[in-house]
Amino acid sequence: MDERRVMPTDPDAEAAQGRVALWLDPEDLRWLRHRCACDDDTPDEERDRCARVRFRASAALHKAGLEG
Ligand SMILES: [Zn+2]
């Protein structure tokens, strides 16, 4: 169980970091958060990207109250 406080997304702060919004259906997010094809040959940079994307998919579900 994640006890961290969920902070609302600040669109201006996200844009300042060069990020753009991506809207997905909950089922797509549930698929994405478990999607990982990394193996022993996967470069660290790609592993990090995979982890970030899956974390954000999970966080989006959590923020929307759709986890579980
Ligand atoms: Zn992966």
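The values are calculated or read from the model by the stated rules, or taken from the named source; none is laboratory data. Since we're looking at a predicted model, the values are computed, not measured. Every residue, glycine among them, receives a Cβ derived from its backbone with ideal geometry; neighbour counts consider all protein chains shown.
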Exercise for review: Sort out which residues of segment 38-68 are loosely packed, with under 13 Cβ neighbours inside 10 Å, in a helix (DSSP H, G or I) and either aliphatic (A, V, I, L, M) or in contact (Cβ under 8 Å) with a residue 60 or more places away in the chain (or both), and write them in order of number.
Suggested key: A51
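Which residue, of R33, R19, is surrounded by 12 or more Cβ atoms within 10 Å (Cβ to Cβ), at pLDDT below 95 and under 16 Å from the mean Cα position of the chain (by Cα)? Full working, then the answer.
Values: R33 fails: at pLDDT below 95.
None of the others qualify; the one that does is R19.
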Review point. From the list E27, E45, which one is more than 16 Å from the ligand (Cβ to nearest atom), over 20 Å from T9 (Cα atoms) and not small (G, A, S)?
Key: E27
